[in-house]
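See below for the structure under consideration.
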């Protein structure tokens, strides 16, 4: 049983490869964060090593060990350190050298060794070159699954040696139904399904971990208050985000996406399409704010936020990028923060 929601096409591709006994040595699973890439990769690892009659059966010892991260032939490589505290900034060459060594050994318990590389776009250049050597001459009975939400940051040489499978955002109704099955109240399920932007992993986490929605509310409040702040307060917020970026890059990326979502909602409300907003619980505030800003101001904000995100993806100086963003964001009563009222 494939335990992934809303990705029938991706499952069908992998299932067909298994049935034809034509499994590639490397797969690139592409899709937004928490859309289901890791779940699909683990299900695939289960199917490759399943001891049941209809893999992945989710009942045999092999499936159970993989689900609990205890199978010796399935390894997840990513940014988290062994103690799970501060994440690494990149996947280093020492990690990939360890993968190379393990890949050279035969499977210990299962039929296939599976190496899942999470956030593959964060491979260092040395690590990517080291991995490329293995992908060019793959050992037998070894399968790689590279997971990424930003495939454009991976070297073309890596991309060309992987079979690409795209995971599309899951329909809102499917996620809402999933949350309802898990006992989430209807109103909250509707809100979280909309906020998830097609990513069921985020939706499930948001209903189970209270801090996620609380952090979302705090971040939304910060973006809302920026419209009335002077440049000093804006630069203080930029400094806060830049310091956080060094500790937890994904949290800052999420904050910028949330800011984009807020301004996109303002655009929708101003254009008379309020039924399509993402932040359903902020409808009244959005209506008030949309009356304050002009069309050019909203477009400027969206352009500036997208530019900041792209610059951070390219490893530009976070403090500088975020300060420029604060200068470019419009404020109530002026074109940008530094403008004279």
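Descriptive notes on the structure:
- Which of 256, 280 has the fewest Cβ neighbours within 10 Å, and the rest in rising order: 280, 256
- Were the residues from residue 295 through residue 160 laid out at 0.36 nm apart, the gain over their Cα-Cα distance would be 44.4 nm.
- Separation in nanometres of the label points that stand 7 Å from Cα toward Cβ, at residue 307 and residue 174: 3.7
- If the chain linking residue 81 and residue 276 were pulled fully straight, counting 0.36 nm for each residue of separation and taking away their Cα-Cα distance, it would gain 66.2 nm.
- When both bridge partners sit in the chain, DSSP labels roughly 5% of those beta bridges antiparallel.
- Mean projection of the Cα convex hull over all viewing directions, computed for the stretch 34-112: 6.1 nm².
- Note on residue 24 and residue 54: with the Förster distance fixed at 25 Å, the Cβ-Cβ geometry gives a FRET efficiency of about 0.70.
- Going from the residue with the fewest nearby Cβ atoms within 10 Å to the one with the most, 231, 277 rank 231, 277.
- Gyration tensor analysis over the Cα atoms of the chain returns equivalent ellipsoid semi-axes of 41, 24, 16 Å (largest first, whole Å).
- Cα-projected label distance for residue 230 with residue 217, points at 7 Å along beta-carbon direction, nm: 3.1
- In the stretch 165-217, inverting the average of 1/r over every pair of distinct C-alpha atoms gives 11.0 Å as the Kirkwood radius.
- Residues 263, 223 arranged by fewest to most Cβ contacts within 10 Å: 223, 263
- Global geometry of the stretch 144-255, whether rounded, prolate or oblate, following the gyration tensor of its Cα atoms and the 1.5 cut on a/c: oblate
- For a modelled paramagnetic label at residue 13, 7 Å from Cα along Cα-to-Cβ, the residues of the stretch 114-145 in reach, with backbone nitrogen under 14 Å, are 145.
- Treating each Cα of the stretch 267-309 as an identical point scatterer and summing with the Debye formula, the log10 of I(q)/I(0) at q = 0.19, 0.22, 0.31, 0.32 Å⁻¹ comes to -0.60, -0.77, -1.08, -1.09.
- Anisotropy class of the stretch 209-328 from Cα gyration tensor, a/c 1.5 cut: prolate
- At an R0 of 25 angstrom, the distance between the Cβ atoms of residue 319 and residue 88 translates into a FRET efficiency of 0.75.
- Cα gyration tensor shape of the stretch 8-166, rounded if a/c is under 1.5, else prolate or oblate by comparing a/b with b/c: rounded
Values in this text are rule-based calculations from the coordinates and carry no lab data. Everything numeric here is computed off the predicted structure, so don't read it as measured data. Neighbour counts are summed over all protein chains in view; Cβ atoms, including those assigned to glycine, are modelled from backbone coordinates with ideal geometry.
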